[in-house]
Amino acid sequence: MFGWQFRKYDGEPELSLFDELLNLFKDLLMYAGGNVATAIQWLMEMDREYNLTRDDYGIQDFLDELMQKGYLKADPEENALRPAEKMNISLRRKALKEVFGNIKKATKGNHTTKKDGKGDELTSDLRPYVFGDSPEQIAFVESIKNAQINHGPGSFSLEYEDLEIRETYHQSSMSSVLLIDISHSMILYGEDRITPAKKVAMALSEYISTRFPKDTLDIVVFGDEAWKIEKDELPYLEVGPFHTNTLAALELALDILRKRKNTNKQVFMITDGKPTCIKRGNKLYKNSFGLDRMIVNRTLNQAGKFRRLGIPITTFMIAKDPYLMEFVELFTETNGGKAFYSDLQGLGDFVFKDYSRSRRWNNKW
């Protein structure tokens with residue numbers, strides 16, 4: 001039997017106790033830097049205070065189910081529990097939903113250029129069919145109209161000259177590097193800036209891998225130095241007693257992008273402050289007071305290299321101190337990129353919008 005079937009709408013289904021505890025546990029695991037024992041301890045303390053569990057389902061039942069469903073794995077050498085890959089994927093998807101909301105997965109995700117030709121994104125432009133065009137590009141409605149006009153209403157005949165093709169855009173892939181500041185200032189004065197930064201990074205990673213599968217995203221964290229991390233490490237990043245070596249982050253980003261074969265390249269940088277150190281020889285030159293001319297000049301020189309190579313840098317500044325904004329504006333002018341000054345809640349929206357707009361950047365740069 002064919003047709004529609006209807007039933008009463010009862011609203012969103014209620015989460016099971018396991019799912020409710022899992023959502024909470026994911027947040028605790030992030031705050032604990034991936035330390036499962038610490039997250040469990042916090043969960044038990046919250047259970048004692050807020051009665052999260054039931055008489056027939058306790059914390060140990062929850063942990064057993066986590067193991068059974070593959071969210072946690074045992075580490076025999078350390079005699080401890082560790083997050084499994086399923087937990088890492090779940091954390092990225094949770095961040096994607098929280099930060100970007102209603103973004104849907106696409107089977108083909110690419111960035112358009114201005115050149116018309118064979119591709120997988122249709123435009124509104126039409127042209128006559130030529131031998132070799134893909135049948136998938138035929139504009140059937142327009143072609144049938146042409147047949148009716150050209151051959152009269154008496155009999156229907158679709159000829160070669162009736163066919164029209166809908167143009168497509170060439171598709172190109174994008175190589176991006178995301179720089180995340182993990183200096184001490186990201187948790188200074190009691191304000192947690194690193195957690196929103198981590199969530200945005202996880203969401204962006206999941207967004208790119210699902211919607212733009214041809215793209216690449218490399219993640220670099222920077223404090224006194226800069227180093228590359230894998231996306232599975234993102235949920236468990238922790239701020240260290242570091243200064244801010246923006247220069248090292250930019251140097252590493254450029255090294256990474258030079259090895260990428262994609263024509264289109266870009267850099268995102270999430271930070272809350274000015275550069276405060278650089279590598280000079282084998283030692284760090286540090287100055288946390290104001291804008292040190294030596295540090296600033298070397299950082300700006302590196303930003304200029306990106307401009308000459310046509311690689312835009314988008315800086316997401318999660319602090320609004322006037323003297324910090326002064327540096328970001330100078331940095332952005334030198335690079336020719338973009339800068340956004342965001343509160344912690346708006347950060348993800350800004351990153352998403354700018355990544356989506358990057359397809360227009362491909363045309364410009």
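Only one of the listed residues (ILE311, ILE295) is under 22 Å from ILE182 (Cα atoms) and not polar (S, T, N, Q). That residue is ILE295.
Selection within segment 65-88: residues that are loosely packed, with under 12 Cβ neighbours inside 10 Å and part of a helix (DSSP H, G or I). The member of this set that is nearest to the chain's Cα centre (by Cα) is GLU85.
Checking PHE268, PHE289, PHE306 one by one, the residue that is over 20 Å from PRO196 (Cα atoms) and touching a strand residue (DSSP E or B) at 6+ places or on another chain (Cβ under 8 Å) is PHE306 and no other. The condition of being more than 20 Å from ASN335 (Cβ to Cβ), outside the structural domain of GLY33 (by TED's automatic domain parsing) and surrounded by fewer than 20 Cβ atoms within 10 Å (Cβ to Cβ) holds for only one of GLU238, GLU206, that being GLU238. If the condition is being in a helix (DSSP H, G or I) and either modelled with pLDDT of 90 or more or basic (Lys, Arg) (or both), then segment 330-355 contributes LEU330, PHE331, THR332, GLU333, THR334, ASN335, LYS353.
Scanning segment 42-84 for residues that are farther than 14 Å from LEU29 by Cα and either in the same structural domain as TYR236 (by TED's automatic domain parsing) or of a type in the set (Gly, Ala, Ser) (or both) yields GLY58, GLY70, ALA74, ALA80.
Does SER185 fit the bill of being polar (S, T, N, Q), assigned by TED's automatic domain parsing to the domain that holds ASN264, within 10 Å of the chain's Cα centre (by Cα) and in a helix (DSSP H, G or I)? Against the criterion (polar (S, T, N, Q), assigned by TED's automatic domain parsing to the domain that holds ASN264, within 10 Å of the chain's Cα centre (by Cα) and in a helix (DSSP H, G or I)), SER185 does not qualify.
Residue-level analysis places THR263 outside the set of residues that are assigned by TED's automatic domain parsing to the domain that holds SER205, within 18 Å of PHE222 (Cα to Cα), within 27 Å of the chain's Cα centre (by Cα) and not acidic (Asp, Glu). If you check PHE222 against the conditions, is it of a type in the set (Phe, Trp, Tyr) and within 28 Å of PHE289 (Cα to Cα)? Criteria met by PHE222. Listed conditions (1) of a type in the set (Gly, Ala, Ser); (2) surrounded by fewer than 14 Cβ atoms within 10 Å (Cβ to Cβ); (3) in contact (Cβ under 8 Å) with a residue 40 or more places away in the chain are all met by SER16, apart from (3). Pairs meeting the criteria (first residue in segment 61-76 and acidic (Asp, Glu), second residue in a loop (DSSP other than H, G, I, E, B), beta carbons under 9 Å, at least 6 apart or on different chains) are ASP61/THR53; GLU65/TYR71. Within segment 143-182, the set of residues being closer than 24 Å to GLU206 by Cα, at pLDDT below 75 and touching a helix residue (DSSP H, G or I) at 6+ places or on another chain (Cβ under 7 Å) comprises SER172 only.
The values are calculated or read from the model by the stated rules, or taken from the named source; none is laboratory data. Since the structure is predicted, the reported quantities are computational estimates derived from the model, not experimental observations. With ideal geometry, Cβ positions are generated from the backbone for all residues, glycine too; neighbour counts draw on all protein chains shown.
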